[in-house]
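Please find one structure pasted underneath; my questions will follow.
No value in this document is a laboratory result; all are computed from the given coordinates. Remember, predicted model here, so these are calculated numbers, not experimental data. Here the Cβ is made from the backbone with ideal geometry for all residues, glycine too, and neighbour counts use every protein chain on show.
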Amino acid sequence: MTPQEWGLYEYIFNGVAALLTLCIFSFLYKDNPFYKFAERLVAGVATGYFTMLLFWTNFMDKVYDPLKAGQWWYIFPAVLGVMMWTRFSKKWAWVSRYSIAFYIGIGSGVSITVYLYTYLFKQLQATIGFPITMDIAGLNQFLVIIAVLSALVYFFFSTPHKGALGFVSKIGIYVIMICFGAGFGLTVMGRVALLVNRVIFLKGYLIQLFGG
Amino acid sequence: MKREIPILIVGITGFAMLIQYFIPTDWSEFIFTYSQDWVIVIGIIAMPLGIWSLVKANVNKLKVPGERFYSAVLLGGFLIMVLTCLKEESRMAGSFHMDLFNYVLVPIQATIFSLLAFFIASAAYRAFRARSILATILLLTAFLIMARFIPLGPISIINLKIDAWILQVPNMAANRAIMMGIGLGATATAMKIILGIERTYMGHD
Amino acid sequence: MNIFQKMMQIDRRWVYLAIGLAVIIPSIKSFDVPVTVSPEVKRIYDFVDSLQAGDYVFICVDYDPSSMAELNPMAVAIVNQAFVKDLKAIFVTLSQFGPGLVEQITSQLAANHNKINGVDYAFLGYRPYPAITILAMGVDFSVPFPQDYYGTPLDSLPVMNGIKNFDDVKGVIEITSGNTADFWLIYGNGRYGFPLAIGITGVMSANYYQYLSSGQLFGIIPGVKGAAEYEELVGFPGEGKAQMAYQVIAHSVIIIFIIISNVAYFATRKRKAGLEGGNQ
C-alpha cells in the first residue's frame, strides 16, 4: 500500500511507530519513563515474535511433522534438546552436559579444517602467492607483505619488542592504526545511516498526516 | 561420569567430524549430514531456554515496586505477540501479529540503534584528538575515509583513489594479520576442546 | 575558563542537537549527490547481470531492524535486478528477525515484477545455528528446510525442481549485519567453494577486504554508500541514494566537530605549556 492509500488503520499504526520512535529519541535528553517503556516493550514483543517463529517454522517443521510422519529417529535429538532444560536445576544440571557435548564436539570437529582453510591458508596464499611485478600492483603487493608481517610481529608477545623486532612491530602498530582509522570512518557512515532512516520515516509520516 | 562421558562424547564426535572431511564416502556424508540435522533440532528445542529465563526474571520483578510497571509492559508485549499468533496463518504478512512486528518492533529497534549516530559524534568530539603520533595517524585516516562523502570536485577523485588504496593495502593487511591470528587461535581452541583440555563449556559442578 | 577550555567541555547534548539539525536540514531541502561506483560493488552487479533468465541465485537476508537502514536498500536493489533479469531466487534467513524483513521485500517486489512464490522464487525460512545450517544446506537444502517458510514441502515447489544444494545455484549473496558473513565464508565458501558476495554494514566493511583480495569473496557492498552505488548501477533509485545528501551534511558536521575539538585541544595544551614554562 503506497502512503497515498493509507486508511485509518495505517494512520494509527504509523502514528504508534512515530510515537515509539520519539520515545526512544527522548533518551538523548535524559533517561525517562517513555524511553524505558519503549525499551521494555520491544524486548517483550521481540521475545514473543521469536517464540512463535520458533514454534511454527522450526519446531513444527523439524520436530513435530517428522515425528508425526513416522521418522522416529528424530526422538533422539529431541530428547537431547529436552535434556538442555535441566540447566535450570542445580541437582540435574549435569544432564545438560551430554547435549552440550554433542553439539560442541560436532561444531569443533567441522570448524578445524574450514577455519584453517579460510583464515590461514587462503590468506597466506593471497599474501605470498602472487608475484611481485615492477608496477603499481607489484609495489602494493610488496607493501601488503611488509604490512602483514609487521602486524603479525606486533601481535607476537612471547618476546619483548626490542631492537629489530621492536622496529618491525612499530611499523605493525602504524598499519593497525590506519586500519582502525578506516574502520572508524566507515562506522560513522553506518551510524548516520541508521539515524537518517528514522528521520526519513518521521518526515514521511508528518507529510502524510499534514501534507496529504 | 558426569564429566568424563561428556568429554568422551566431545572427543569422539569432534574427531569423527574432523576426519570425515578427508573421507568423501557415502556413509561419511550420511553421518555428516544427519549430525548437522540433529544439532539443528537440539538447538530448536534448547532455544526456549533463553525465552523462559527472560519471562521468569520479569515475572519475579512484578513483585518489585519500581520495576513492576516495566516488567508488566514486557510481559504484556510478549503475551500479545504469542496470543496473536496462535494460528499458523497469523504469522504471514498482513496479519495483526506482523503489523505489531512492523509498527512496534521495527521502529523501536531501528531507533535504539540510530542513537549511536549521536553517541559517535559526541565520542568523536570528546576523544578523537591528535594526542600522539598513533592517534594522529588514526585521525587522518578516518578523515580521509569520511571525506569520501563530501563532493569536493577534483579533490574528491584523488581522495577516492587514496581511500581505495587505504582500504585495499594497509587496512586489508592489518585485518589479514588479525584474521590469521584468529584462525590459529580458533583452531587451537577447537583442538583443545576435542582433546578434552578445554572444558569450560561444561560449567561447574 | 577561556573559550578553548569551554569548547573542550561542551555539554554533549549540544553535539546531539547539531547532529539532529544536520539530518533534519536535508529533509527540508535535499540535493543530488554524485555517486562513484567502486569496483567491489560493480563486480556483484556484473555477476548478476551476466546470469541468464532461469539461472538460480541464492540470497541470504541476515539482518534485523537495527541495521535495516543500511542493508534494506541493497537487498531491494539486488532483488530488483534479479527479478528484472528473470532469475530464480532462493531466499533464506539465519537472523531471528529476518523472516519479517524478507517477507516485506519479496512480497512487495514480487508484486511489482509479477513473480509468483514457489514458481519464480522460494523463501525457505529461518533456522538457528547459522554455521550448522549452512553446512547442512551444502549437502541438501531440504535437510534443514524440509518445507518452505509457508509450510509447503520443498520438493513440491516448482522453483526447487532439480535444485538440491549450492552446486545448483550460480552464486550466493549474503546480506548481513552480524557474524553470519564469517559463517558463510568459513562454512559455506570454505567448505563448498561456491561464489560468495556480501552486503554488509559500514562498521564491518573494513574487515572484509582481505577476502576480496584472496578471492574468497567476489564482491562487497559496503554499507549505505555501497547500496547507493548498486542502485545507481541497477537504475532503481531508492533509499540508498536518498540517504546520500544526509550523509554529506552529517559527515561535514562531524568533521567540523573533530577539527574544533583538536584546535581547542592544541590551544589549551599550548597555553598549559606556556604557563608551566612561565612558572619555571
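Which of the aspartates and glutamates could be linked to residue A:62 by a straight reach, that is with a Cα gap under 17 Å, when you skip same-chain ones fewer than 8 residues away?
B:37, B:88, C:140, C:148, C:155
First check a/c for chain B, with a ≥ b ≥ c the square roots of the eigenvalues of its C-alpha gyration tensor; if it is under 1.5, answer rounded, and if not, answer prolate when a/b is larger than b/c or oblate otherwise.
Oblate shape, in that a/c is at least 1.5 and b/c is the bigger or equal ratio.
Per-residue HN-Hα couplings for region A:7-22, Karplus 6.51 cos²θ - 1.76 cosθ + 1.60 at θ = phi - 60°, whole Hz, x for Gly and Pro?
These are the phi-based 3J(HN,Hα) values: x, 4, 4, 5, 4, 5, 5, 5, x, 4, 4, 5, 5, 5, 4, 5 Hz.
Another question, then. Quick one: which of B:135-147, B:36-48, C:45-57, A:187-199 comes out on top by average Cβ neighbours within 10 Å, and what's the full order, highest first?
A:187-199, B:36-48, B:135-147, C:45-57
Okay, moving on. Can you tally the net charge around residue B:110? Count Lys and Arg as +1, Asp and Glu as -1, for every other residue whose Cβ sits under 13 Å from the Cβ of residue B:110.
It works out to a net charge of -1.
Here's another thing I want to ask about it. Please give the peptides B:60-71, A:97-108 ranked by average Cβ packing (other Cβ atoms within 10 Å per residue), highest first, as a rough proxy for protection.
The most tightly packed comes first, giving A:97-108, B:60-71.
I would also like to ask the following. How much net charge surrounds residue C:75 when only the other residues with a Cβ under 11 Å from the Cβ of residue C:75 are counted, with Lys and Arg +1 and Asp and Glu -1?
-4
Beyond a 18 Å Cα-Cα separation, which of these cross-linked pairs lie in this structure: C:85/C:225; C:88/C:241; A:36/B:61; A:122/B:161; C:42/C:225?
Pairs exceeding the cut-off: C:85/C:225; C:88/C:241; A:122/B:161.
From the phi of every residue in region A:79-86, what ³J(HN,Hα) in whole Hz does the Karplus formula 6.51 cos²θ - 1.76 cosθ + 1.60 yield, where θ is phi - 60° and glycine or proline is x?
Running phi through 6.51 cos²θ - 1.76 cosθ + 1.60 with θ = phi - 60° gives 5, 4, x, 5, 4, 4, 5, 5 Hz.
When you look at the Cβ of every residue in C:248-257, what mean number of other chain Cβ atoms sits within 10 Å?
Average neighbour count from other chains, rounded to a whole number: 6.
A follow-up question, please. So for the protein assembly as shown, what are the equivalent ellipsoid semi-axes in whole Å, largest first, each being the square root of 5 times an eigenvalue of the Cα gyration tensor?
One finds semi-axes of 40, 33, 28 Å for the protein assembly as shown.
Residues with beta-carbon under 14 Å from that of residue A:114, excluding residue A:114: net charge, scoring Lys, Arg +1 and Asp, Glu -1?
+1
Region A:131-212: percent of C-alpha pairs farther apart than 19 Å?
Distances greater than 19 Å cover 63 percent of the Cα pairs.
Rounded, prolate or oblate, given the Cα gyration tensor of region B:130-205, with a/c below 1.5 counting as rounded?
Note, shape of region B:130-205 comes out prolate.
Then there is this: At 7 Å along the Cα-to-beta-carbon direction for both residue B:52 and residue A:76, put a label point, then send me their distance in nm to one decimal.
Each label point is offset 7 Å from its Cα along the Cβ direction, giving 2.4 nm.
When Rg is the radius of gyration of the Cα atoms in region C:39-237 and Rh is its Kirkwood radius, what does Rg/Rh come to?
For region C:39-237, the value is 0.92.
Rounded, prolate or oblate: which fits region C:56-169, taking a ≥ b ≥ c as square roots of the Cα gyration tensor eigenvalues, rounded meaning a/c under 1.5, else prolate when a/b beats b/c?
Oblate is the answer for region C:56-169, as a/c is 1.5 or above yet b/c matches or exceeds a/b.
For chain A, what does the convex hull of the Cα positions come to per residue, in cubic angstrom?
Value for chain A: 331 Å³ per residue.
Taking beta carbons within 10 Å but only from partner chains, what does the mean come to for residues B:124-135?
6
Further, regarding this structure: Taking Cα atoms, how many degrees apart are the long axis of helix C:98-113 and the longest axis of chain C, rounded to 10 and kept between 0 and 90?
70
Under DSSP H, which helices of chain B have Cα atoms covering 20 Å or more of the helix axis and a Kyte-Doolittle average no less than 1.0?
B:4-20, B:68-83, B:106-127
Excluding residues on the same chain fewer than 8 positions from residue A:162, give the lysines whose Cα lies under 25 Å from its Cα.
Within the straight-line limit of under 25 Å, residue A:162 reaches these lysines: A:170.
When you count, for each residue, the other Cβ atoms within 10 Å and take the mean per peptide, how do C:96-105, A:121-130 rank with the highest first?
Per-residue mean Cβ counts within 10 Å order the peptides as C:96-105, A:121-130.
In straight Cα distance, which lysines are under 19 Å from residue C:6, not counting same-chain residues fewer than 8 positions off?
Cross-link targets: C:270, C:272.
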